[in-house]
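Notes follow the structure.
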Ligand code: PGA
């Protein structure tokens, strides 16, 4: 049985004051027991959030981490070992905003993925196609290639300790959501690609959907057989909305 996960990606949002408000809202949520909840604040606020949600069933992760696992001379970066020291359990790897706007290549992402795992952080690998790629009928090819980048470098066993988030780029922050069937089709293909190498790992890995998930569409998406939860952007900045999405995952 895969334990559903709801992950909130706060992106580059927040101030100390608004983060305090959000922590207060999250702390008051009655979260369903069978699911895992993780939030990803901007690095600057990770300590504040870890202290603020202490004792609650909410884990904390980072939105990015360095290509080397240990601390060292790498200006501006945060080492996975430092994130573990702060109390983080997860890290997002390869969000489309970083792939597209910051030019992060599969090669760089592979290094980040491996560095994170080496310290015990669980990577959430984000993959997904652009609108042009979908319209050209290349969705499965693109997603398959992004996934293969990891399996070819580290073997399919890398996904025994990682999560995958399918996030169609055209659905992120646009209000356009993949239909439950569109998302399920890609999730099924991802699981089949992994199963061709190791069916146990394929059956165990959690596949999250991301892209304009809201309380209003979450239940339908999470009801699909290969969708094990969501990676939530905009809607994760509102504690009540996020709580409603968590309840949808718990049902
Ligand atoms: P969104 O973002 O929910 O605002 O579309 C999802 C994401 O980028 O992870």
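The values are calculated or read from the model by the stated rules, or taken from the named source; none is laboratory data. Just so it is clear, the structure is predicted and the values come from calculations on it, not from any experiment. Cβ sites come from the backbone with ideal geometry, for glycine too, and all protein chains shown count toward neighbours.
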> Across segment 54-69, what is the total count of residues that are in contact (Cβ under 8 Å) with a residue 12 or more places away in the chain and over 19 Å from the mean Cα position of the chain (by Cα)?
Replying inline: 3
>> Step by step: first the residues of segment 145-171, then only those that are outside any helix (DSSP H, G or I) and in contact (Cβ under 8 Å) with a residue 60 or more places away in the chain, then the one that is surrounded by the most Cβ atoms within 10 Å (Cβ to Cβ). Which residue is that?
In response: 167
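Could you list all residues from segment 134-144 that are without any contact (Cβ under 8 Å) to a residue 24 or more places away in the chain and surrounded by 13 or more Cβ atoms within 10 Å (Cβ to Cβ)?
Just the residues of segment 134-144 that are without any contact (Cβ under 8 Å) to a residue 24 or more places away in the chain, to begin with: 135-138, 141-142.
Listed by number, the residues that qualify are 138, 142.
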>> List the residue pairs whose Cβ atoms are under 6 Å apart, where the first residue sits in segment 89-114 and is without any contact (Cβ under 8 Å) to a residue 60 or more places away in the chain, the second is in a strand (DSSP E or B) and within 13 Å of the ligand (Cβ to nearest atom), and the two are 6 or more positions apart or on different chains.
In response: 91/61; 93/125; 94/125; 94/126; 109/93; 112/93; 113/93
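Within segment 63-96, can you find the residues that are within 16 Å of the ligand (Cβ to nearest atom), in contact with a helix residue (DSSP H, G or I) (Cβ under 8 Å, 6 or more places away or on another chain) and assigned to a loop (DSSP other than H, G, I, E, B)? Full working, then the answer.
Kept after step one, since they are within 16 Å of the ligand (Cβ to nearest atom), are these residues of segment 63-96: 63-64, 90-96.
Filter once more, so that each one left must be in contact with a helix residue (DSSP H, G or I) (Cβ under 8 Å, 6 or more places away or on another chain): 63-64, 91, 93-94, 96.
Listed by number, the residues that qualify are 63, 64, 94.
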>> Among the residues of segment 52-75, are any more than 20 Å from residue 119 (Cα to Cα), out of contact with any strand residue (DSSP E or B) (no Cβ under 9 Å at 6 or more places or on another chain) and buried (at least 18 other Cβ atoms within 10 Å of the Cβ)?
In response: yes
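Between 153, 158, 132, which is out of contact with any helix residue (DSSP H, G or I) (no Cβ under 6 Å at 6 or more places or on another chain) and at pLDDT 95 or above? I'd like the intermediate steps shown before the answer.
Working: 153 fails: out of contact with any helix residue (DSSP H, G or I) (no Cβ under 6 Å at 6 or more places or on another chain); 158 fails: out of contact with any helix residue (DSSP H, G or I) (no Cβ under 6 Å at 6 or more places or on another chain).
When all the criteria are applied, what remains is 132.
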> within 16 Å of the ligand (Cβ to nearest atom), at pLDDT 95 or above, assigned to a helix (DSSP H, G or I) and surrounded by 13 or more Cβ atoms within 10 Å (Cβ to Cβ), is that true of residue 99?
Replying inline: yes
>> Taking the criterion of being more than 10 Å from the ligand (Cβ to nearest atom) and at pLDDT below 95, would at least one residue in segment 176-188 satisfy it?
In response: yes
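Before we move on, is residue 105 modelled with pLDDT of 95 or more, buried (at least 19 other Cβ atoms within 10 Å of the Cβ) and away from the ligand (no atom under 16 Å from the Cβ)?
Working: modelled with pLDDT of 95 or more: yes; buried (at least 19 other Cβ atoms within 10 Å of the Cβ): no; away from the ligand (no atom under 16 Å from the Cβ): yes.
Criteria not met by residue 105.
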> So how many residues does segment 173-208 have that are in contact (Cβ under 8 Å) with a residue 40 or more places away in the chain and under 17 Å from residue 241 (Cα atoms)?
Replying inline: 2
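Within segment 206-227, can you find the residues that are within 18 Å of residue 189 (Cβ to Cβ) and either over 16 Å from the mean Cα position of the chain (by Cα) or within 13 Å of the ligand (Cβ to nearest atom) (or both)? Steps first, answer last, please.
Restricting attention to segment 206-227, the residues satisfying the condition of being within 18 Å of residue 189 (Cβ to Cβ) are 206-211, 221, 224-227.
Listed by number, the residues that qualify are 208, 209, 210, 211, 221, 224, 225.
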